[in-house]
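First comes the structure, then the notes that go with it.
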Amino acid sequence: MTQKSENPYHELFTKQKVNQFKVAQSTYNERVNKLDALHRAIEITYREQIKEALSKDLGKPVIESELSEIYQILGDIRYVKKHLHKWMRKQKVHTPLSLLGSSSYYIYEPKGVCLIISPWNFPFNLTFGPLISAIAAGNTAIIKPSEMTPNSSALMATIIMDLFDKEEVALIEGKVEVSTKLLELPFNHIFFTGSPNVGKIVMTAAAKNLASVTLELGGKSPTIIDESANIKEASKKIVWGKFLNAGQICVSPDYILVDEKVRDEFIDSCKRWIKKFYSEDPKSSNAFARIVTPKHYNRLLGHLENAKSHNAKIVVGGEFDENTKFIAPTIVTDLNTDATLLNEEIFGPIMPIISYTNLDEAIAYINSKERPLALYVYSKKKSNIKKVISSTRAGGTCINNNVIHYANHNLPFGGTNNSGIGKSHGFFGFKAFSNQRAVVKQNFFGATEFLFPPYDGIKEKMAKLVVKWL
Ligand code: NAD
């Protein structure tokens, strides 16, 4: 392992470490001022540049940039500001009779020096989202955004430099080597958003310093459509959720499990919605994004090649264009169980459809895979919805919709096991960046003093009473 002094980020880390208590002792108003500055930067100063960077990096449609990046960050700041005062207060708790004479509470104190590593698919939202929680909780932070979206990362570096001293918040651009070096440092908390494979690398590095982690990962999020579902509505929402950001969303419905009785109706309806949303020629649509890099474009074409080689059917789309990294909204059926589309996170505009004959079969299929970040169920039958939720595990679920649970700040967001560890958003994000410090205050003579040594018969009797009654 590299000596700390050889680590190029050791000096910056040390400066933040020294500064952490000053930042931690910031008042509610001081933290709000920082959040306000970030709000102004996103809403006014840099708004147009953000949309421009997203268009260059991802071909992201302007409305999607407004809604899924700018609005999310601004909404997050407004929500945190509204509740932060309450979260920063002492949280009083009951004290048992056995501790008579004392009172108890806990406080959310900042973890300290935090590392935020973010992905490329919603570069601003997934970098500033955790940063908002880190600031609200009173931490210092070093940020490493994704190298895949260089225009967005460069702009974020400018914004951070504009708003913060590097002793408090610093952003370092770079590739994997930069993350690797940063991960050697003994951060108090690491907030990572990205793939499960890299999540394992991050957790291994964190273990060396026993740093706590929040891992916001991905995976394959299934969708179940039973025979009672409103197919027209379900297909509309699924086409929107699946092809938003060209499928490059962690909570995108990765694959569809549909009751065979309504399979054809569902596919026909999806075809109609794709045409309605993106026209006959999605390539010319201003509502459809592009694949982030040639590497990911080729990865997705590889999935289609693999599917074709096993006689799967492309029933919608399948067109692509290397120059613009365009892949059309695509639906694939009749896949082998070992097709790569059914075994790797797709993260692109390709929707595999699997039909089932009974719900238990669909549930068993889901449970044979890693636990997903999201699971969606479309049904009019309460008993089926209940069964799906109680017989599976997932980070989050929408009933008769998809993706939108991400947008409710009151809900915890995050996965379970392979799809993540820990939660983010709103209070849950604040909590992720805080240590809950327990405090017991002795107010007057304490009942425990009756039990101090030397032990005699009376104390023995008292101990028995304590065990039995208190
Ligand atoms: P990724 O894991 O490849 O990269 C994420 C970050 O980790 C980047 O900043 C990258 O530079 C860094 N990184 C990559 N390899 C590394 C290594 N070996 N060591 C240290 N750092 C490394 O993920 P991605 O391609 O940027 O994003 C796509 C993945 O992220 C998908 O799996 C998706 O589901 C997931 N994701 C999850 C969420 C969520 O909130 N749960 C949100 C968006 C994306």
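The numbers here are math on the coordinates, done by the rules we state, and not lab data. This one's a predicted model, so the numbers in the text were calculated from it and none came from an experiment. Backbone-built Cβ (ideal geometry, glycine too); neighbour counts: all protein chains shown.
Annotations
- With the simple model of a label 7 Å out from the Cα in the direction of the Cβ, Lys295 to Asp281 spans 3.3 nm.
- Helix 71-88 vs. the chain, principal-axis angle (Cα, 0 to 90°, nearest 10): 20 degrees
- Net charge dipole, the stretch 1-136: roughly 680 debye, given to the nearest 20, about the Cα centre with Cβ charges of +1 for Lys and Arg and -1 for Asp and Glu.
- Antiparallel %, DSSP beta bridges [both residues in the chain], to 5: 35 percent
- FRET efficiency for Asn443 and Ala24, using Cβ-Cβ distance with R0 set to 35 Å, rounded to 0.05: 0.85
- Between Asn7 and Ile389, the FRET efficiency from the beta-carbon distance, with R0 = 51 Å, is close to 0.65.
- Centroid-to-centroid, using Cα positions, the stretch 174-219 and the stretch 299-331 are 33 Å apart.
- Here's the picture: a label point sits 7 Å out from the Cα of Lys261 along the beta-carbon direction, and within the stretch 201-236 the residues with their amide nitrogen under 13 Å of it are 226-230.
- The stretch 54-92 and the stretch 401-470 have their alpha-carbon centroids 29 Å apart.
- Radius 15 Å from Cβ of Val388, net charge of other residues (Lys, Arg +1; Asp, Glu -1): +3
- Contact order for the chain, expressed relative to its length and based on alpha carbon pairs under 8 Å spaced 6+ residues apart, stands at 19 percent.
- Overall form of the stretch 174-262 per C-alpha gyration tensor (a/c, 1.5; a/b vs b/c): prolate
- What you get for the stretch 222-407, charging only the Cβ of Lys and Arg (+1) and of Asp and Glu (-1), is a dipole of about 620 debye around the Cα centre.
- Contact order for the stretch 291-446, expressed relative to its length and based on alpha carbon pairs under 8 Å spaced 6+ residues apart, stands at 14 percent.
- At most 13 other Cβ within 10 Å, DSSP loop - GluC sites (Glu not before Pro), the stretch 305-405: Glu319, Glu322
- The modelled label-to-label distance for the pair Lys166/Thr324, using points 7 Å beyond Cα in the direction of Cβ, is 4.1 nm.
- Near Ser152, once Lys and Arg are set to +1 and Asp and Glu to -1 for all other residues with Cβ below 12 Å from its Cβ, the sum equals -2.
- Local electrostatic count, Ser102, Cβ distance below 15 Å [Lys/Arg +1, Asp/Glu -1]: +2
- Residue-averaged [θ]222 nm for the chain, counting only DSSP H segments that reach four residues, each worth -39500 (n - 2.57): -13000 deg cm²/dmol
- FRET efficiency, Arg78 to Asn417 (Cβ-Cβ, R0 41 Å, nearest 0.05): 0.80
- Once the Cα-Cα distance is subtracted from the 0.36 nm per residue extended length, the Lys175 to Val62 segment shows a gain of 38.0 nm.
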